[in-house]
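Report on the structure given below.
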Amino acid sequence: MALIQCQFFSEVLTLSTSMTVILPQQTKTQIGMQNEVKGERHPTLYLLHGFSDDDTIWTRRTSIERYVAEMGIAVVMPQVHQSFYTDMKYGNKYWTFLTEELPKLAQSFFPLSSKREENFVAGLSMGGYGAFKWALTYPDRFAAAASLSGALDMEGNIKNLTEDNPMNRVFELIYGEEGTIGEANDLLYLMKQVDAKQEKPLLYQCCGTEDFLFQDNMTFKEACEQTTIELTTDFGPGDHEWGYWDRKIQEVLNWLPIK
C-alpha cells in the first residue's frame, strides 16, 4: 500500500487543505502483508472523520492501511474541520468542497474509479452523519454507505441542547440562529426522498449501547424501517471510543459490496 499525505489548494474553500490517501500497491516480497490491485482505476472508500479530528485520524487510531491491503481498494480521507459536512452559515462551504470539488480533484490526482458500484462512503460520529448525508443526497454516486456511532438525528440533537451548552455556538455558526438545520441537512428527510428513487445505496449502521448517540441511531433505524432502503444494523456493548471503531471498521470493510 501507498500512504500519501496530500496538501492541495481548494478553490471552494479558498485555502490550502489536506487529505490522507491510501492507494493499493501490488507487492510480492513485502513481509507480513498481502497486497492486491484490482485494476487500473481503484474502487474507493471515502472515510470521514469526527468532530474533534482531522484527515489523519483513521491512520493514527486504527490499522486501516493494513485492513484494506488485500481488498485492493483506495481510501480517501478528507479534512473538513468542525463543519458537520455542511456549507456553513458563518464559515466555509465544506459540503460543496466535499461533494463537488474533492472527488474531482482526487480522481485527477490518483487512479480512482468514478463508477457508482465502486464508490463507498463511511465515517464515525460527525463523519457518520456526513457519510449518510452524502449517500442519501446523491444516491447515484455510491453503492453503499456506513455510519459508525453517527450523529444521525441532528434536528433532535439541537432542540435538546441546554442553553449553556457550548455546542449551541458551534451549531449557530454551521446552521444559523433559526434553531433548525433545514431539510437538506436532515437525514430523516433525505431518507424519504431516496425511498422514492430507483437507486438506493445500501446502508450499514452500528452504535454501542453505552454511546451518548445511541438514541440518535435508534431514531434513524426506526425511520428507515418505514422505507424500502436496505439497512444493516449492529447494536451491542460499546461506547464512543476508538477501540470500538477500530473493531467496527473491519466489519464495515467486510460488508462493503466490492466486486
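The values are calculated or read from the model by the stated rules, or taken from the named source; none is laboratory data. Everything quoted here is computed from the prediction, not taken from an experiment. For neighbour counting, all protein chains shown are included, and Cβ atoms are generated from backbone atoms with ideal geometry for every residue, glycine included.
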Quick one: in region 177-192, of everything that is among the aliphatic types (A, V, I, L, M) and assigned to a helix (DSSP H, G or I), which residue is surrounded by the fewest Cβ atoms within 10 Å (Cβ to Cβ)?
Ala184
Could you figure out which of (1) outside any strand (DSSP E or B); (2) without any contact (Cβ under 8 Å) to a residue 60 or more places away in the chain; (3) touching a Phe, Trp or Tyr at 6+ places or on another chain (Cβ under 9 Å) isn't true of Ile174?
(2)
So, in region 202-222, exactly how many residues are touching an Asp or Glu at 6+ places or on another chain (Cβ under 9 Å) and over 16 Å from Ser149 (Cβ atoms)?
1
Limited to region 16-31, what total is found for residues that are of a type in the set (A, V, I, L, M) and in contact (Cβ under 8 Å) with a residue 60 or more places away in the chain?
3
Residue among Lys89, Lys133 that alone is among the basic types (Lys, Arg), under 30 Å from Leu213 (Cα atoms) and part of a helix (DSSP H, G or I):
Lys133
How many residues, within region 223-256, are within 17 Å of Phe120 (Cβ to Cβ) and among the basic types (Lys, Arg)?
1
Can you confirm whether Ser114 is under 30 Å from Ala2 (Cβ atoms), among the polar types (S, T, N, Q), in a loop (DSSP other than H, G, I, E, B) and in contact (Cβ under 8 Å) with a residue 24 or more places away in the chain?
yes
Just one of the numbered conditions (1) more than 26 Å from Ile229 (Cβ to Cβ); (2) acidic (Asp, Glu); (3) touching a helix residue (DSSP H, G or I) at 6+ places or on another chain (Cβ under 8 Å); (4) free of Cβ contacts under 8 Å to residues at least 12 places away in the same chain is not true of Glu65; which one?
(4)
Within region 80-101, considering residues that are in contact with a Ser or Thr (Cβ under 8 Å, 6 or more places away or on another chain) and surrounded by 22 or more Cβ atoms within 10 Å (Cβ to Cβ), the one farthest from Gly182 (Cα to Cα):
Phe97
Tell me which residues, restricted to region 102-137, are charged (D, E, K, R) and either surrounded by 23 or more Cβ atoms within 10 Å (Cβ to Cβ) or farther than 22 Å from Val194 by Cβ (or both).
Lys104, Lys133
Can you find a residue in region 229-239 that is farther than 26 Å from Thr44 by Cα, at pLDDT 95 or above and crowded, with 16+ Cβ neighbours inside 10 Å?
yes
Which members of region 193-243 meet the condition of being in a loop (DSSP other than H, G, I, E, B), under 19 Å from Met154 (Cβ atoms) and charged (D, E, K, R)?
Asp211
Quick one: how many residues across region 126-165 are among the aliphatic types (A, V, I, L, M), more than 15 Å from Phe84 (Cα to Cα) and modelled with pLDDT under 95?
1
Just to check your reading of the model, which residue among Leu13, Leu3, Leu45 is outside any strand (DSSP E or B), closer than 24 Å to Leu124 by Cβ, modelled with pLDDT of 95 or more and not hydroxyl-bearing (Ser, Thr, Tyr)?
Leu13
